Amino acid sequence: MAVETATERAIFVGINDFGVAATFTATTGGQSSTVNGVFDNDYIEVDTGGNVGYALLQPRFLCRTADVSTAVENSTLVISAVTYKVKVVKSDGTGMTELILEKQ
């Protein structure tokens, strides 16, 4: 159960604070909508079995679940004119969803 309201979640991901605007397109129906969310593109370490890890970028987009309720693998998200495919949809059960992305 979420502690905050839908309005408070919208403020958190709003473009006036931490968020950016993105264009979300579901694979079914093909309708696009603008959603606000927090975009991160940090390096993560991948263990390749050797002594030194391998680093790669892992783009993620945290947004309100209600805004991406139709998100599934291969939906698209356009952020700052860069197109990403959704690879994993991780709803946290509190009204927020993290989309793990892959740059196209």
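Values quoted throughout were computed directly from the atomic coordinates according to the rules given, and no laboratory measurement underlies them. Here the structure is a predicted model, which is why all the values come from computation and not from measurement. Every residue, glycine among them, receives a Cβ derived from its backbone with ideal geometry; neighbour counts consider all protein chains shown.
A few notes on this one:
- Segment 55-70 - residue that is among the small types (Gly, Ala, Ser) and without any contact (Cβ under 8 Å) to a residue 40 or more places away in the chain and, of those, nearest to ALA10 (Cα to Cα): SER69
- Only residues that are under 13 Å from the mean Cα position of the chain (by Cα) and over 14 Å from ALA81 (Cα atoms) were counted across segment 27-37, and they come to 3.
- Residues that are assigned to a strand (DSSP E or B) and either aliphatic (A, V, I, L, M) or under 9 Å from the mean Cα position of the chain (by Cα) (or both) were ranked within segment 76-89; the one that is surrounded by the most Cβ atoms within 10 Å (Cβ to Cβ) is LEU77.
- Checking VAL20, VAL13 one by one, the residue that is in contact (Cβ under 8 Å) with a residue 24 or more places away in the chain, touching a Cys at 6+ places or on another chain (Cβ under 6 Å) and either closer than 19 Å to LYS103 by Cβ or of a type in the set (Val, Ile, Thr) (or both) is VAL13 and no other.
- Given (1) closer than 22 Å to THR94 by Cα; (2) exposed (fewer than 11 other Cβ atoms within 10 Å of the Cβ); (3) of a type in the set (Val, Ile, Thr), index of the condition THR65 fails: (2)
- Residue within segment 46-54 that is touching a residue at least 60 places away in the same chain (Cβ under 8 Å) and farther than 21 Å from THR5 by Cα present: no
- Of the residues in segment 34-44, at least one is closer than 25 Å to ARG9 by Cβ, loosely packed, with under 11 Cβ neighbours inside 10 Å and of a type in the set (Asp, Glu).
- Candidates GLU73, GLU4: the one that is surrounded by 11 or more Cβ atoms within 10 Å (Cβ to Cβ), in contact (Cβ under 8 Å) with a residue 60 or more places away in the chain and of a type in the set (Asp, Glu) is GLU4.
- The lone criterion from (1) in a loop (DSSP other than H, G, I, E, B); (2) out of contact with any strand residue (DSSP E or B) (no Cβ under 6 Å at 6 or more places or on another chain); (3) not polar (S, T, N, Q) left unmet by ALA71 is number (2).
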